[in-house]
Amino acid sequence: MKSEPADPLVEAFLDHLAHQRRLSPRTIDAYRKDLAHFSSWNRQQGKLAWPDLRQSDIRRYAAAENRRGLSATSLRRRLSALRTFFRYLMLEGKIQENPARGVRTPKVRAKLPAVLEVDQMERLLSVESGTPLEIRDLAMMELAYSCGLRLAELISIDLNDLDRRDAMLEVTGKGAKTRRLPVGSKALEAVDRWLKVRHRLAAPEEPALFVSKRGRRISARTVQHRLEQHARHRQAVRHLHPHLLRHSFASHLLESSGDLRAVQELLGHADIGTTQIYTHLDFQHLARVYDATHPRAKRGKKKK
């Protein structure tokens, strides 16, 4: 089957995302696929040129995908990709109006992330570590939970990113934005223990803080595997993954402080709306406490 020639406007947009906005290859690939889906539909309709598309065309596309059974989440993502692309074309002077603007998207019920209770976290991290790999794993978990790190941020940390004297860590997050984060005492202690044995594994001149048994920067898949293994051996959590530590960090911090803006900054969220999901988690926790402890909240069995 002969593939379609590359669209120069789409390719220029993707190049803009890579070099101007400095988005990750994975994000750029997602934009490419979403725009390709629309282009495929557009070809079936007669292949209108990008400047000739109108809001009615985007509405028809959304309706067609909805009828086809595309999930609300996927449809919202595709329309978002189109809006971003058309916004780029406006900045480049290729079109006058954004035809995807104002196209309503189906509502998506927010799926609340799973979090660990504080006592679960204590059981998970209060362990004796003996081998260099176990010491490294505990240091990774303590640091990820202490700072609310994304997996990509955790594995990209270099030795000189951590200021142990001031207990501060500098990380590079989404969009190549850097932020400085305070590091808790438990995490510092765990990292110090790791640094004492790191030389047994690390290759000479390797800058990464966390390395694999091969001596080079640890991979995302290795971190995921080691965390799952750690939780399984200790029967602490059914499924442990790096983002669970980040979610727990955000939920526990918000529960204690109530400072949504501070949590937003620590997590590196560009939009506070992303952080607000943790207020729902906090409310759920309070509701469970209320139901379990308030004498008038306890529900008895209905009399037959």
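FYI, it's all coordinate maths here, none of it is from the lab. Given the structure is predicted, the values throughout are model-derived calculations rather than measurements. When we count neighbours, we look across all protein chains shown, and the Cβ atoms used for this are built from the backbone with ideal geometry, even at glycine.
A few remarks follow.
- With the convex hull of the Cα atoms taken as the outline of the stretch 118-290, the averaged projected area works out to 10.3 nm².
- Kirkwood Rh, Cα atoms: Rg over Rh of the stretch 1-79: 0.98
- Spacing of the two label points (7 Å from each Cα toward its C-beta) at residue 18 and residue 276, in nm: 3.6
- Modelled label positions at residue 64 and residue 118, each set 7 Å beyond Cα in the direction of Cβ, lie 5.5 nm from each other.
- Selected from 222, 149, 183, residue furthest toward positive end of dipole (the stretch 118-290; charges at beta carbon): 222
- Which listed pairs, of 33/94; 47/94; 174/196; 47/177; 33/177, have C-alpha distances above 27 Å, in listed order: 174/196; 47/177
- Computed from phi, the 3J(HN,Hα) profile of the stretch 172-182 under the Karplus parametrisation 6.51, -1.76, 1.60 (θ = phi - 60°) reads 10, x, 5, x, 6, 8, 9, 8, 9, 10, x Hz, with x in place of Gly and Pro.
- Gaussian network model of the chain, springs between alpha carbon atoms under 10 Å - residue of 75, 245, 48 with greatest fluctuation: 48
- Debye-formula intensities of the chain, expressed as log10 I(q)/I(0) at q = 0.10 Å⁻¹, are -0.75 (one equal scatterer per alpha-carbon, no solvent).
- Note that the stretch 120-128 has calculated 3J(HN,Hα) couplings of 5, 5, 4, 5, 5, 9, 8, 9, 8 Hz, one per residue in order, obtained from phi through the Karplus relation 6.51 cos²θ - 1.76 cosθ + 1.60 (θ = phi - 60°); glycine and proline are x.
- A simple charge model with +1 on the Cβ of Lys and Arg, -1 on the Cβ of Asp and Glu and nothing else charged puts the dipole of the chain at about 1760 debye relative to its Cα centre.
- Over the stretch 69-213: Kirkwood hydrodynamic radius from C-alpha pairwise inverse distances, Å: 18.8
- Amide hydrogen proximity for residue 211: with H placed 1.01 Å from N in the peptide plane, the residues at 5 or more positions away or on another chain lying under 5 Å are 218.
- Per-pair calculated FRET efficiency, R0 = 30 Å: residue 91 and residue 176 via Cβ, rounded to 0.05: 0.90
- Across the stretch 146-152, coupling constants 3J(HN,Hα) worked out from phi with the 6.51/-1.76/1.60 Karplus curve, θ = phi - 60°, read 5, 10, x, 7, 6, 4, 4 Hz, and Gly and Pro carry x.
- Placing +1 on the Cβ of every Lys and Arg and -1 on the Cβ of every Asp and Glu, with no other charges, gives the stretch 1-81 a dipole of roughly 360 debye about its Cα centre.
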